[in-house]
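Below is one structure, written out as structure tokens; the observations come after it.
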Amino acid sequence: MITSPDLLFRSIPSNKFYPPRINQVHSIERHTLITRHLADELPSRLFIVIEAQAGQGKTTLVQQFLERSPFPFTWYQIGPEDNDPLLLLLALRHTLSRTFPGLSSTRLNTVLENRQISTDMLQQGVNILLNDIDALLEEDTFIVFDDLHLLDETQQGRQVLDYLIDTSPPRLHFVLTSRHPLHLGARSLRNSPHLIYLDSDDLALSPAEIEALYDRLLDTTISRTEAVEIFSITNGWIMGIILASHPFAHKNGTGRQKHRQHDKAHLFKNGTNNVLLAYFEEEIFYHIPEPVRETLQILSFLDGIDTHLAEDLTATDNLAHLLGELADRNLFIYRLDDENRLFRLHHLFQEFLQMSGKKSLGAAAVSRIYQHAAAVYLEQGLFDKALKTMSISGDYTAMEQLVYRHGQHLIATGRARTILSILHTTPREKLSTHPWLGFYCGLLALDVSPLQTLPLFTSCRERFAESGNEEGELMALTQIIQYHFAISGSHRDGAALLSRTIDLFARNNARLPGETALLAARSLAAGLSLFSGDITTARHYTRHGLDLATTLGSRTFIAALRFVSGYIELLCGDRRAAHLEIEKSFSLSSDPAVGTNNRLSLIFLHLFELSQHGDLSAFLRTRDMVETDFDRVIVHQTVMAPYLTLWSAIIMIANGRITDAHELLDNGLQDGQTVANSHMASQFLQWRAFIQALLGDETAALDDLKEAQQQRQIAGGVFHTAYQLAIAGATLALLQRYDEATQALSMAEHLGNSMPAVGVTICCRAYQALIALATGNHTDCATYLASWLATMNRRGYSCFWGWEPTTMARLLRAALQMGVEPVTARRLARRRLTSAIDDAGDLIPILSIHILGSFSLTCNGRIQVGPQDLTNHQRELFGLIIASPGQRISQEQIQLTFWPDSPPDKARKSFDTLMTRLRKTLSQKLSIPVKNYIGVEKGYVHLTRIAIDASQFLQLARRGLKRAKRGYWWQAGNLFTKALAQWTSFRPIDFFASEQTIIFGDELISTLRSICLSWSHNLITHNRAEEAIDLLEMTKNLLPVDEELMLLRYQLFLTTRQPLRAREITSTYYNELLQLGWSPEEAEELVFSLTSRTWPVQRKSGE
């Protein structure tokens, strides 16, 4: 069996890379239609668009222009096969390599060999190809895309072409032909000032050109009057004129010729199709010897003519010679190579031959033709061609046998889109009566239109069950379970299928193909964990599936099982285990070898974790990645879309943005698509009830709770039932309905413990403590607080679903007053509430000091002191204390720094004056007493209850760099995101004047540099070059002459098709060198040497 790229290449139609060979004897010169629009020098990225009806000479015109131009060109014949992304990239690479012999495109070859192109990551493949072309592009070059109207129903093909056009080098020019108006969205094409547009009117032959055509074609002179008459009949339509004037029309005597001339006007007035069919029959086909006619009719049913197959099919000796003769006689047959091995029929002539062949050969003979061709394709390992041929012939039984035997192989070798396009043409009733066809149609549609797959899988399951096909029934069940897990949220329906699936899996596991067993293990693990809360058994199936996926070496399957494994750990609340699973699968979340749904699932896992722990900055960044990296249509057909809204609201609640969360949930509930199922409706309603309780609207809260409970009963699912009860209990507690709240929390805790689900337990313990506190039961309150805080600390939690700042502040204060877990209580208050708690249990807002940007002191989110409120010495004092370890510095060091030449007594007096005035200024500006933040004790000045953005930046950055060094890039990226959120800008000259503060400022800049270099290389590895550019731009003013940063930015701009910005970088670097005292010659030599280096800005995912 062929499994190399040769299999893919042989699946490409033979006519794809060749312009038809036009016999110039039978054509007239028309290239001036294009050349008259051109200046002496080609502009940057020229577009030639030709939109005209069939038979209007589009292809001939383009070929004439290119053959007479001094520029090289490459030809690409668009066809329906171009909706297969893998085949599309392979075909593009092949046709471009004909024009650029040095185009090795090693990385793209590796990608294609490893089947690393998934349907929504084509841009990366195009980028690789364009980068390689750009290195070889020494002169203006044209690329022709012929027959673009065939992309009307191929959305992905249009997207690839749009991206290719928009990101192509300036010296690559495009010729685009189509019968219909182009449906392209490329900005460069729409907005180009360099566009030559021709339509049917432009291509119509004038009477003078009709005279010339008759003279060239027939060696016959016609009068201008006759030419005008022909023009009036045909409107200059070239195919009609050629057919009317074909030599065969004049070979059977004057009477026949007169008959033809008399009928012309009538035929043309009946429309284009009638003219073509009539003239093909009467003027062409009639004059071909009868044995050859049948041969051509047989060949018309093939997708391109390969003479080896054609001779076997037609039992015709020396067929290559015969077809070559017909091509030489211009009988609408075209050579595609010099060896007379590949031919194609003119598409209109092929259509006529098929119609006539069905009549004369008969249905049985046509069926045998297809069966014979399919058998040859199967023998050659060209399963997609075989499947297409079977589909055309309506042999659905053979199709079903093929997909059953080779379906998984075709998916594994990247042919999903091609197979799906073939199966989509299968009548619906045939998908039902041939369940393997229906199953694979549903399986392949999961990455395109997942909402439409359930009826297919359900019907397949019924048919398999009726026929006793247990393997088929098991496969259908696994997909239905997965559907309820990822798309419908119907946990109760999914749970009902688990028992039968487990039974089938146990009976058939030993003889199942690896892929089938793996899919079953994945679905069972997902369903058992989420639907029924059976974590122990779910982990067993996860381990089994991971072993199979590792053995198979499939990154898509490994991603699927890593997602389930991580999801189970998050349900249980084991953050450490979940983080380990996320790190193991992190590179797969951007790996083009992994299917869309599995990559989306991994991102779902990241968002689930970030929402549970209130990490707003990392959540927003990840949410933006979903919106930019995935097809919006696909996202909105899964549970990802509503969860993006829901989790955003939960994080807003955790950060005290109650009104914003309320508005977000209201909008979601009003959008029928967002809450299209009971699973999502229940969650939206329960959280809106929680908010309404916070706002004091008891009636609305109770109404939402009631409906949320009803929707959850419909949807089912142990975990979400437990959390619904927990949030219901929290809501009732806020409403002071303590008995009802206690009952709901008790039920939630019981369900949560059965899994176990630590997050549910934590939420229950917090609100049980609130009830005990509110009812004056201090003993129970202390017990619940101790359990809550100890669990938070032990499990690494700083937030949970149900965290609300005002309520949590009340509980943390109570914990301090009762002496319960004081360290954890203070840590949570500082981290989540930006407050300190004193021994009396009073909250004191943290004073935030900002130096990464404009200097300011803020409290409770409001600026209270700005740079204009402090003197230079006062700002410098803050800088000195901030730069000191622990924000604690001796009075003596301050005096030596500010008044090094003053006597000690005078320096002491100056210090006292400085501190007195600083306290007075701060007392007038701050709403909290200054003594809570700054003090002098035992000869040391210290800051307390403060948060310094620079210190937080350094702390987060160091933690991120440490994790990056260990290869934990997901955690590192989240920490870097939070660190950089602190960084607005930095101008150390403002208040970093002392040596100590200058060192601190250098440390900040050095750390920023380390983040940017480390993270940008990782982003590049994961195909996020634009994000890497944005990151590196933060350093351009702080480190303008850093060679490594400059060169990386320069190469990234070249890689992302931004040459002007790349030149701007080298120009800026050159000028900076001049300012540092370099001579122009030295600066120019250094810039040249740096930009001549090869820099590894593109790496394969997973390196």
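The values are calculated or read from the model by the stated rules, or taken from the named source; none is laboratory data. Worth saying up front: this structure is predicted, and the values here are computed from it rather than measured. Cβ placement follows ideal geometry from the backbone for every residue including glycine, while neighbour counts extend to all protein chains displayed.
Filter the stretch 764-789 for residues that are crowded, with 18+ Cβ neighbours inside 10 Å and free of Cβ contacts under 8 Å to residues at least 24 places away in the same chain and give the result. Within the stretch 764-789, A772, Y784, S787 qualify. Tell me, please, whether a residue that is out of contact with any Lys or Arg (no Cβ under 6 Å at 6 or more places or on another chain), without any contact (Cβ under 8 Å) to a residue 24 or more places away in the chain and charged (D, E, K, R) can be found in the stretch 672-690. No; the residues of the stretch 672-690 include none that is out of contact with any Lys or Arg (no Cβ under 6 Å at 6 or more places or on another chain), without any contact (Cβ under 8 Å) to a residue 24 or more places away in the chain and charged (D, E, K, R). Taken as a whole, the structure leaves R93 outside the set of residues that are on the phi > 0 side of the Ramachandran plot, modelled with pLDDT of 70 or more and within 33 Å of the chain's Cα centre (by Cα).
In the stretch 540-585, the qualifying residues are those that are of a type in the set (F, W, Y) and modelled with pLDDT of 95 or more, and the one that is surrounded by the most Cβ atoms within 10 Å (Cβ to Cβ) is F563. Closer than 30 Å to V594 by Cα and either in contact with a Cys (Cβ under 6 Å, 6 or more places away or on another chain) or of a type in the set (G, A, S) (or both): does that describe A1062? The answer is no for A1062.
Counting residues in the stretch 970-985 that are touching a residue at least 12 places away in the same chain (Cβ under 8 Å), surrounded by fewer than 21 Cβ atoms within 10 Å (Cβ to Cβ), over 30 Å from I603 (Cα atoms) and outside the structural domain of S854 (by TED's automatic domain parsing) gives one or more.
Just to be sure I understand, how many residues within the stretch 986-1004 are at pLDDT 85 or above and surrounded by 15 or more Cβ atoms within 10 Å (Cβ to Cβ)? Spell out how you get there, then give the answer.
Taking the stretch 986-1004 and keeping what is at pLDDT 85 or above, we get 999-1004.
Within this subset, residues satisfying the condition of being surrounded by 15 or more Cβ atoms within 10 Å (Cβ to Cβ) are 1000-1001, 1004.
Residues flagged as at pLDDT 85 or above and surrounded by 15 or more Cβ atoms within 10 Å (Cβ to Cβ) within the stretch 986-1004 amount to 3.
Screening N509 with (1) more than 18 Å from E581 (Cβ to Cβ); (2) crowded, with 22+ Cβ neighbours inside 10 Å gives one miss only, at (2).
Of the residues making up the stretch 808-842, just one is in a strand (DSSP E or B) and either touching a residue at least 40 places away in the same chain (Cβ under 8 Å) or in the same structural domain as V930 (by TED's automatic domain parsing) (or both), namely A836. Looking at the structure I just gave you, is L176 surrounded by 19 or more Cβ atoms within 10 Å (Cβ to Cβ) and closer than 28 Å to D447 by Cα? The answer is no for L176.
Please find, among I487, I422, the residue that is outside the structural domain of Y643 (by TED's automatic domain parsing), closer than 28 Å to H544 by Cα and assigned to a helix (DSSP H, G or I).
Values: I422 fails: closer than 28 Å to H544 by Cα.
So the residue among I487, I422 that is outside the structural domain of Y643 (by TED's automatic domain parsing), closer than 28 Å to H544 by Cα and assigned to a helix (DSSP H, G or I) is I487.
In summary, I881 fulfils each of the numbered conditions (1) touching a residue at least 40 places away in the same chain (Cβ under 8 Å); (2) in a loop (DSSP other than H, G, I, E, B) with the single exception of condition (2).
Within the stretch 45-62, if we keep just the residues that are surrounded by fewer than 23 Cβ atoms within 10 Å (Cβ to Cβ) and closer than 17 Å to L150 by Cα, the residue that is farthest from the chain's Cα centre (by Cα) turns out to be G55. The residues in the stretch 921-951 that are outside any strand (DSSP E or B) and of a type outside the set (G, A, S) can be counted, and the count is 15.
Among the candidates Q924, Q895, which residue alone is modelled with pLDDT of 90 or more, more than 15 Å from I948 (Cβ to Cβ) and surrounded by 13 or more Cβ atoms within 10 Å (Cβ to Cβ)? Give the steps one after another, and end with the answer.
On the way: Q924 fails: surrounded by 13 or more Cβ atoms within 10 Å (Cβ to Cβ).
Exactly one residue qualifies, and that residue is Q895.
Touching a residue at least 24 places away in the same chain (Cβ under 8 Å) and small (G, A, S): does that describe A907? No, not satisfied. Looking only at the stretch 813-840, residues that are surrounded by 15 or more Cβ atoms within 10 Å (Cβ to Cβ) and at positive phi come to 2 in all.
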